[in-house]
Each structure stands twice: as C-alpha cells, then as structure tokens.
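Here the structure comes first, spelled out in structure tokens, and everything after it is commentary.
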Amino acid sequence: GQWLNLTSQECRQVAEQYLSVQGFSRNGLIEQLSSYYGDGYNVSDATVAVDSMNIDWNKQAVKSAKHYLSMQGFSCKGLIGQLSSSYGDKYTQIQATYGANQAGAAKWQADLISRLISVWLQKSGLHRTACSAVIHWQSVK
C-alpha cells in the first residue's frame, strides 16, 4: 500500500465516513475534504488519501444516482448531466452514464410517462389504442 502521513491517514478516515453515507466522485470527494466549506484539508493530502483508497467510482455513481431518483424526478439525460456537471457531482461522463443506467433512470422515466398517460386517459376518457395512435402520429410528424 501507499505510505500516508498522519494528516492523510486522518483525511482517509473522514473520507471513509463520507462514503459510508453517500456516493461521491473522486473529484467531489477531494473537494469535500479540502474545501473551506468542507473539512479544510490540504488538497494534496486529500488527493493522496482518496487515491490510497480502493474505490469503485462506478459504484459510487450508482449510489449517487439512486439518491437523486429517490428524492425527485430526473430524465436519464438530466440525471447524467447532474452527475457529470462540474457544479454537480463531478463524475466523468462514463461514470455518470453508468450510474444513471444502473440506477434505473430510463425505467423510472418510462414508468413515469406510462403513469402520466394512464392518468390522462382516465381524465380524458380516450381509449388506450386511440391514445397510442395519437402518440405515434406525433412522433412521426
């Protein structure tokens, strides 16, 4: 393993606590540990601490994606944008895409659309096949 000074060891323990609670990207975790608003560690100590850990960043992205989906609605594209944004979670595009897909964002979106169509059908009194024809007509227009 990598040799860590005392500060990096302490920083690593704090990082492990964060990861036990929520998902973080590599950059997001380093920023949390080193930020004035976070823990205030030196960036180099935070980087050494995080890089000394064996973290599956894809798994972290799934954890973050599931958290977002549990709180509010996101389209798959919107969730990937949130996860990969430099103002958001700072995952790589590949990690964000993996996280959103594994968390079931596309299925969540499809289920939502299906529920909305069902409610609309009930309120409008249209037959499902008529609605499907209208949707198909709109999509090929």
Worksheet item: Hey, what did the range 17-99 get for relative contact order, percent, Cα under 8 Å, at least 6 apart?
Response: 33
Worksheet item: Percent of accessible area on the range 26-78 owned by carbon and sulfur, 1.4 Å probe?
Response: 47
Practice prompt. Starting from the Cα of residue 90, draw a straight line to each of the aspartates and glutamates and keep only those under 20 Å, dropping any in the same chain fewer than 8 residues away.
Written response: 16, 31, 39, 45, 51, 56
Item to complete: Taking a cut-off of 17 Å between Cα atoms, list the lysines near residue 107, but don't count ones fewer than 8 places away on the same chain.
Response: 63, 66, 77
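Please give the net charge around residue 71, taking every other residue with its beta carbon less than 15 angstrom from that of residue 71, where Lys and Arg add +1 and Asp and Glu add -1. Mind showing how you got there, number by number?
On the way: positive: 63, 66; negative: 89.
Net charge in that neighbourhood comes out at +1.
Of all chymotrypsin sites (Phe, Trp or Tyr not before Pro) in the range 1-100, which ones are in loop regions per DSSP and have a Cβ with at most 11 other Cβ atoms within 10 Å?
3, 36, 37, 87
The values are calculated or read from the model by the stated rules, or taken from the named source; none is laboratory data. Please read these numbers as outputs of a predicted model, since none were measured by experiment. Cβ sites come from the backbone with ideal geometry, for glycine too, and all protein chains shown count toward neighbours. When the accessible area is computed, the model is the full protein with side chains, heavy atoms only, and any ligands, DNA or RNA have been set aside. Shrake-Rupley method; radii C 1.70, N 1.55, O 1.52, S 1.80 Å.
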